[in-house]
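The values are calculated or read from the model by the stated rules, or taken from the named source; none is laboratory data. Source: prediction; values computed, not measured. All Cβ positions, glycine included, derive from the backbone under ideal geometry; neighbour counts span all protein chains shown. SASA here: full protein model, heavy atoms, side chains in, ligands and nucleic acids out. Shrake-Rupley method; radii C 1.70, N 1.55, O 1.52, S 1.80 Å.
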Amino acid sequence: MKIYGNHNLIKTLEEMTEKDRTAHTVLFYGENGTGKKTIAEYYIHLLMCQNKINGKPCFNCKACHNISDDIHPDVITAEKSGKLGGYSVDTVKKICSDVFIRPNNSDKKVYIFKDCNNMDERSQNTLLKIIEEPPEYAYFIFTAESKSKFLSTVLSRCISFGVSPCTDEECKTALSERGLNESQIKTAVECFHGNIGMCLDFTENENLKELVNTVRLATDSLVSKDEYSFACIINKTAKERENIKIILTMLDRIICDAVILNYDKNVPLSGCYPQGAEKLSGILTLNSGNKIHEIIEKCWKAVSANVNTSLSLSAMCGEIFEII
């Protein structure tokens, strides 16, 4: 298993297990594509490996092979349910009962909850007691986009690790090792920089390419102060909630880049349209950029709360152009 970037995080996990100070409940959080689930799997290998080499998993023992093949009887992946892909109270209750059944083939038992972006409060509250006082052999691992997805009471009972994108150069190496050609790598990294997952998705997913193009067109409308064009472009995404999320995230990063460029022209940018950010930098100030960021954030919160998407996006457009 090869992990790019997050070197300090990996070192911390290795030291925790080597010194027998492993955390029983861990949250790995960060944006999609940064490798949260890969690092979570690495931590499971660290916990379960039967033949560590210099504090690292061997990846050759039976336990490591079973983890990699997703067939280890003591590594349980919680099942998602519902339209939003959350974890139901019933699922959590079953896991809380299963925890007291001792491990099958090892001295540890691991439960992993992947992509906990829609885990409701009832399910989290149901977990509280067991993660506060788990059996000695039980471990819980969560992945999510943000710590804000969890109740403060849950966060207080776990160790949280932020997962970051790697460097552009590390990303290029990773993409090359996966067989992408130089042109594909250049185009993907220009859009998503050190986010390997998003870069890979971009090379394979025509929908994501279209969304990138939509954001660039919307940025050009901001530059030309064409509110009608901007509203039409943005509202094309209103049918799919996940598309709206991607569009708003990318637009927000371009706004951030534009503000940063007013202070440092040489700073590495994070958005998918550096040329558009440079044009916007002549229009936006720190104050106006922050206000637009807040407007975009408010819009996504409204969409997430099932407010009508078209109305939410239209309101966002109007508020942005009051500033522009």
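Listing for the model above:
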{"quantity": "Selected residue (only one of N290, N306 is more than 24 Å from V212 (Cβ to Cβ), part of a helix (DSSP H, G or I) and open to solvent by 50 Å² or more (accessible area, probe 1.4 Å))", "calculated": "N290"}
{"quantity": "Single residue of D69, D74 found to be at pLDDT 95 or above, farther than 22 Å from L128 by Cα and charged (D, E, K, R)", "calculated": "D69"}
{"quantity": "Enumeration of residues in region 60-75 that are surrounded by fewer than 16 Cβ atoms within 10 Å (Cβ to Cβ) and among the hydrophobic types (A, V, I, L, M, F, W, C)", "calculated": "I71"}
{"quantity": "Flag if L27 is within 21 Å of K149 (Cα to Cα) and buried (at least 22 other Cβ atoms within 10 Å of the Cβ)", "calculated": "yes"}
{"quantity": "Every residue from region 3-24 that is loosely packed, with under 12 Cβ neighbours inside 10 Å and in contact (Cβ under 8 Å) with a residue 12 or more places away in the chain", "calculated": "E15"}
{"quantity": "Criterion: part of a loop (DSSP other than H, G, I, E, B), within 23 Å of the chain's Cα centre (by Cα) and either basic (K, R) or modelled with pLDDT of 95 or more (or both) - qualifying residue of K186, K209, K239", "calculated": "K239"}
{"quantity": "Subset of region 76-114 (residues that are open to solvent by 40 Å² or more (accessible area, probe 1.4 Å) and at positive phi)", "calculated": "G82"}
{"quantity": "Selection from region 201-247 of residues that are open to solvent by less than 40 Å² (accessible area, probe 1.4 Å) and in contact (Cβ under 8 Å) with a residue 60 or more places away in the chain", "calculated": "V212, T219, L222, F230, A231, I234, T237, A238, I244"}
